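Take a look at the structure set out below.
The values are calculated or read from the model by the stated rules, or taken from the named source; none is laboratory data. These figures come from a predicted structure and were not determined experimentally. Note that we place each Cβ from the backbone using ideal geometry, even for glycine, and neighbour counts take in every protein chain shown.
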Ligand code: NAI
């Protein structure tokens with residue numbers, strides 16, 4: 001037990017204490033969202049450095065929000081006070097809900113879920129932020145799989161409005177309802193999707209990238225022409241190649257490959273050699289300075 005206090009904005013919600021597992025890109029963002037909404041958050045990572053980085057990065061993000069006049073220093077303190085950084089899974093034992101955002105590996109996730117279930121109360125909801133694994137298989141590691149649900153945030157979690165909530169075939173109606181309500185209370189838009197590869201967004205997006213890559217490979221148009229066409233006529237904020245460079249060609253390629261395999265090699269999701277070679281060559285996009293375009297300090301410099 002701790003004496004951690006939080007100012008609950010939404011006293012009706014039954015979810016006040018939230019445990020986050022994994023303090024990387026997603027876990028630290030989700031912690032910020034829950035803490036901003038007034039939950040008492042415990043952020044756990046095995047790696048002490050990840051916890052320190054998460055803390056330092058939140059400090060920077062909140063300082064920037066003050067500069068922009070979006071929050072005041074009292075609000076900054078409130079959000080920071082709502083997060084405790086913990087280094088054992090057992091520290092999450094008093095959680096009403098836990099959200100896991102560790103490495104995308106089924107066996108590791110299952111092990112962590114089993115251990116976690118031995119610490120938390122019977123009522124605690126156990127969620128995963130997985131992008132590509134089946135919630136049914138993760139849930140199967142629990143004695144009480146009805147309490148398991150997918151809660152899939154997008155990166156960066158504090159900025160992206162949409163959250164997909166995914167009931168597994170084992171998930172109870174009650175757990176789905178409370179999970180969706182909680183995410184809405186946190187200011188997000190919920191889309192409930194079935195437990196299938198890529199859920200909604202990562203599946204719909206596959207042909208967007210894939211068809212653009214095929215148009216390029218068939219010599220119909222170059223990257224820049226395709227991007228320009230989609231932005232000026234399609235109304236997209238970024239063209240498919242700009243977006244792949246933004247996400248990272250390694251990450252984006254792997255998601256496509258996973259969805260392709262998971263749909264029993266349905267050719268609609270077939271990955272493209274062009275992107276595979278880009279990933280292999282280290283032409284990852286914005287983060288490596290070169291992808292379909294060239295970047296300096298994260299800015300596109302090749303004139304388009
Ligand atoms: P990340 O690599 O940034 O962070 C993962 C963290 O988990 C690391 O700090 C690591 O130390 C920690 N960790 C690993 N094993 C652990 C264990 N057994 N116990 C405790 N901590 C452990 O990863 P990222 O990008 O945040 O992804 C996390 C999850 O979220 C994955 O399942 C991923 O598929 C999913 N996801 C990722 C998105 C993205 O754009 N990066 C978007 C939506 C979902």
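Structural remarks
- Some residue of segment 131-141 being near the ligand (Cβ under 10 Å from one of its atoms), under 21 Å from the mean Cα position of the chain (by Cα), surrounded by fewer than 17 Cβ atoms within 10 Å (Cβ to Cβ) and in the same structural domain as residue 29 (by TED's automatic domain parsing): no
- Residue 51 within 12 Å of the ligand (Cβ to nearest atom), part of a loop (DSSP other than H, G, I, E, B) and either modelled with pLDDT of 95 or more or not assigned by TED's automatic domain parsing to the domain that holds residue 101 (or both): no
- If you go through segment 54-80 and keep only what is in contact (Cβ under 8 Å) with a residue 60 or more places away in the chain and within 16 Å of the ligand (Cβ to nearest atom), you end up with just 61.
- Selection status of residue 90, more than 9 Å from the ligand (Cβ to nearest atom), touching a helix residue (DSSP H, G or I) at 6+ places or on another chain (Cβ under 7 Å) and under 24 Å from residue 175 (Cα atoms): yes
- Residue 287 being outside the structural domain of residue 217 (by TED's automatic domain parsing), surrounded by 15 or more Cβ atoms within 10 Å (Cβ to Cβ) and either in contact (Cβ under 8 Å) with a residue 24 or more places away in the chain or farther than 25 Å from residue 201 by Cα (or both): no
- Within segment 219-234, the set of residues being in a loop (DSSP other than H, G, I, E, B) and either touching a strand residue (DSSP E or B) at 6+ places or on another chain (Cβ under 6 Å) or modelled with pLDDT of 95 or more (or both) comprises 219, 220, 221, 222.
- Residue in segment 33-46 that is loosely packed, with under 15 Cβ neighbours inside 10 Å, closer than 21 Å to residue 155 by Cα and within 15 Å of the ligand (Cβ to nearest atom) present: no
- Counting only helices (runs of 4 or more DSSP H) that fall entirely inside segment 236-304 and contain at least 1 residues that are more than 23 Å from residue 219 (Cα to Cα), the qualifying elements are 240-247, 249-262.
- Every condition in (1) surrounded by 22 or more Cβ atoms within 10 Å (Cβ to Cβ); (2) within 23 Å of residue 276 (Cα to Cα); (3) over 17 Å from the mean Cα position of the chain (by Cα) holds for residue 214 except the one numbered (1).
- From the options 143, 177, 194, 188, residue that is without any contact (Cβ under 8 Å) to a residue 60 or more places away in the chain and more than 20 Å from residue 120 (Cβ to Cβ): 194
- Note on segment 95-105: residues that are modelled with pLDDT of 95 or more and within 10 Å of the ligand (Cβ to nearest atom) total 4.
- Residues located in segment 117-144, provided they are within 20 Å of residue 180 (Cα to Cα) and outside any loop (DSSP other than H, G, I, E, B): 125, 126, 127, 128, 135, 136, 138, 139
- Any hit, segment 147-161, residues being without any contact (Cβ under 8 Å) to a residue 60 or more places away in the chain, surrounded by fewer than 17 Cβ atoms within 10 Å (Cβ to Cβ), away from the ligand (no atom under 13 Å from the Cβ) and under 17 Å from the mean Cα position of the chain (by Cα): yes
- Failed item in (1) within 13 Å of the ligand (Cβ to nearest atom); (2) surrounded by fewer than 22 Cβ atoms within 10 Å (Cβ to Cβ); (3) touching a residue at least 24 places away in the same chain (Cβ under 8 Å), with residue 29 passing the rest: (2)
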